[in-house]
Each structure stands twice: as structure tokens, then as C-alpha cells.
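Colleague: Input: one structure, supplied below.
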Amino acid sequence: MNKTQTIKEGDKPNSFWQDRILLESLISQILPGLIISDPKKADEILAFIKEGVSLPEFLEKYPEFDKWELKVKPDLTRTLNFINQENEDNFFPIVDFNHDILYYLTEIIKTKKLLSISDDDLNYQFQLRVVLYKNFNRYLNLLLSKLGAKKAEVAAQALLGSFSRQEFLKVLSTQTGETPNDLIDNFFNLKK
């Protein structure tokens, strides 16, 4: 695999995260075309990576992507690698890839200039969406884990039925006792 990384040596996350970032970058580059040409395969790939597979495992199953060039933006890995969590066994996606809250988080990133996002760079925007999807769901998993099993299950069910950003933040605020602004601020301030 020809891996062109633009990550400086001092900015590299640990090997597990480096592998996941490369895999997610590859996925972000191949999915837009697959969604149009072969949506069934795109769904299959998304289901497969949810199992926490490594880049070599992915390429073993899908060798046709072995020659793709991987390009990872350094600011994505530096700014948005929120949680250094090697075990993804308990990862449960509460918001889907196109949830309104992820669009809202993208707008906050643009407004606060946390990252330099060009409206013309669709590949970068897609990579950002993948990173936000993974990390915001990890953040939600972390919040819910603090509630206890029964309350977490009730909260997760309520959140799964909340599709608008306002409704989602209201439900999350009610379940956790934190204000919507604090929930968003804590997400962006969460350190590795």
C-alpha cells in the first residue's frame, strides 16, 4: 500500500489510532464513489469496519483497494483525535453518519476556526465527517456509561429517536443534567 502520510513525527497518535485513522481515511476516499456505483457494497464495508477491524484486515477482505493512495490531513489527527481508547468492543453508534448534530458540529468547527475547512475540498469534508461520527459517538458512549446500565439504556433509546439537533441536545441534556452548551463545549475540550 502506498501510504502518503502528511503527519509529522511528533503528531502521530499511538499505533492503534494511526491504523484506525489510515483505515477511516481510506474509507472516506472510497465510499463516495461506492455509494453511487455499488450502495450494497458501501453498506457492507461500513458494517465491516464497525467490527473494529485493522487496515490490514480490511485490505485482506477487500484487496481491490490495496493500491489506493492514503492521504491524511494532519489537523484532523491532531485536533479531532479526542479519545485514546484502544478497546472499541463497547462502541455503540447512537448518531448515524448523516445526523443533524454532526452537521452542527461541523459548523461550530468552521465558526470557531478549529480547523481550516474549504467548501471545495469534499474529500476533506468527508474525512471530517468520519472523524466526527466516530468521536462524537465515543463521547456519547462515555457520557452514557457514567449513568449506570439501566439509565444508559433508557437514554440511548431516547437519543436514537431524536433526529433534529435541538431535540437530540434537549434529550441528552435531560439525561445527563448538563446544559446543551456544556455538552458541546465538553466534547470539543475532551482530551486524549
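Colleague: I need every pair where a residue in region 170-192 that is at positive phi has its Cβ under 9 Å from the Cβ of a residue that is open to solvent by less than 50 Å² (accessible area, probe 1.4 Å) and assigned to a loop (DSSP other than H, G, I, E, B), sequence separation at least 6 or different chains.
Modeller: Once the first residue is at positive phi and sits in region 170-192, no partner that is open to solvent by less than 50 Å² (accessible area, probe 1.4 Å) and assigned to a loop (DSSP other than H, G, I, E, B) comes close enough.
Colleague: Another question about this same structure. Quick one: in region 1-23, of everything that is closer than 16 Å to residue 63 by Cα and either open to solvent by less than 30 Å² (accessible area, probe 1.4 Å) or of a type in the set (Gly, Ala, Ser) (or both), which residue is modelled with the lowest pLDDT?
Modeller: 22
The values are calculated or read from the model by the stated rules, or taken from the named source; none is laboratory data. Everything numeric here is computed off the predicted structure, so don't read it as measured data. Ideal geometry is used to build each Cβ from the backbone, glycine not excepted, and the neighbour counts take in all protein chains shown. Ligands, DNA and RNA are excluded from the accessible area calculation, which covers all protein heavy atoms including side chains. Shrake-Rupley method; radii C 1.70, N 1.55, O 1.52, S 1.80 Å.
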